[in-house]
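Structure first, commentary second.
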Amino acid sequence: MTSSTLIDRTELTAIAGYGFSDRMWKYDLSAGYELPFADGLNAGGEVFCGLANREEENIYSRFEVTLGALLYKDDYRDYFLSEGWHAFARWRINSSFRVGATYADEEQMSVRKCTDYSIFSKNHAYRQNPAIDDGWMRSVKLSLNMDTRKFTDNGMSMQSDEGSSYWVGNIAAELSSPRYLNSSYSFARYHMNLMRHQLTFASGYADIWLIGGTAAGRLPLQRMFEIQAAYGGYAQEQVLSTLSTQRILSDRSVVAGLEHDFPSTLFRWTDVPLVRNVWFDLALFIQAAAAQGVSHMAETGFGLVNILPFIRTDFTWGIAGPCKGFAWTLETTLGF
């Protein structure tokens, strides 16, 4: 339940549910207040108890992960229990930039697999959920977010306007210290995610992305950086489709990529009927990654965009390191 009308300038959110497999209540109660003396500045906090996961794993939505788990018992995320509270302050500088500060005080605990239920694949079992470094996470996090996109409503979701150039990105720094914050962990974690969508020629465009992170001290397992792989034949942009393992964890990593989309209208100038009548866009891409303790990774390939409504298919070849062989993957252009 969310309410922003009961109290002026205040947003209240309450979420609760009961897990029958682990016999636990999960909840999240939060409140935010927009300060009247500063436009765009709000502060608040939340109290919670529930399952959490590494933030990089959110590249696949909850709907996609739930569908994979129910249909063929493949849950992409590694989970842990998080119970505690947060206090935050956020300032919307303008329509494109936001800054934020968060203090976290939460106990993080390993959880075990509690069920093997699914609709199909009855004879298979889920993989075991890996343990984390249990302890009290007390940290201070500062962040800067940038988003210059324009959005339109396609009737099912809000879709970004690909007909204009834009930037999307965030930079974050997080500090956890036993000495200053009485935390179980001691680290400084720095992360950046930056993407440029650039219009080029004949209504085509290029996407360029750079994702990276580094840390000082020892990161707990649940705060390590993660290089993503394809998930059950499904792959989003910025994941390595030919990666020979499901994920790579490290306290230092970087992923960089370039993709150019050639619209179908570009091919109508040719005299070859088979080419002139294509209805989908062609995308060419290359991507490279590196992580501490792992050899450099790279892959390249092409994609057919909107080969079906809101569906894209990619053909990718691994060319370096753990990126090996060939992968055929699907992607939806809808957001769930």
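Looking across segment 14-37, the residues that are closer than 24 Å to residue 93 by Cα and either modelled with pLDDT of 85 or more or surrounded by 11 or more Cβ atoms within 10 Å (Cβ to Cβ) (or both) come down to 30, 31, 32, 33, 34, 35.
Taking residue 107 as the residue in question, decide whether it is under 25 Å from residue 180 (Cα atoms) and in a strand (DSSP E or B). Here the answer is yes, as residue 107 does meet what is asked. Of all the numbered requirements in (1) surrounded by 13 or more Cβ atoms within 10 Å (Cβ to Cβ); (2) touching a residue at least 40 places away in the same chain (Cβ under 8 Å); (3) touching a Ser or Thr at 6+ places or on another chain (Cβ under 8 Å); (4) not polar (S, T, N, Q), residue 162 misses one, and that requirement is (3).
Close Cβ contacts (under 6 Å, 6 or more residues apart or on different chains) running from residues in segment 114-141 that are at pLDDT below 80 and surrounded by 14 or more Cβ atoms within 10 Å (Cβ to Cβ) to residues that are assigned to a loop (DSSP other than H, G, I, E, B) and of a type in the set (Lys, Arg) comprise 118/73; 121/73; 126/73; 126/113. When residues in segment 142-159 are screened for being more than 17 Å from residue 199 (Cβ to Cβ), in contact (Cβ under 8 Å) with a residue 40 or more places away in the chain and not in a loop (DSSP other than H, G, I, E, B), 7 of them pass. Checked against (1) β-branched (Val, Ile, Thr); (2) more than 22 Å from residue 283 (Cβ to Cβ); (3) crowded, with 18+ Cβ neighbours inside 10 Å, residue 227 meets all criteria but (2). Restricting segment 19-49 to residues that are part of a strand (DSSP E or B) and of a type in the set (S, T, N, Q) leaves a set whose member that is farthest from the chain's Cα centre (by Cα) is 42. For segment 174-181, state whether one or more residues are in contact (Cβ under 8 Å) with a residue 40 or more places away in the chain, more than 17 Å from residue 55 (Cβ to Cβ) and surrounded by 14 or more Cβ atoms within 10 Å (Cβ to Cβ). Yes, because at least one residue in segment 174-181 is in contact (Cβ under 8 Å) with a residue 40 or more places away in the chain, more than 17 Å from residue 55 (Cβ to Cβ) and surrounded by 14 or more Cβ atoms within 10 Å (Cβ to Cβ).
The values are calculated or read from the model by the stated rules, or taken from the named source; none is laboratory data. From a predicted model like this one, the values you see are computed outputs, not experimental measurements. So basically every Cβ, Gly included, is an ideal-geometry build from the backbone, and we count neighbours across all protein chains shown.
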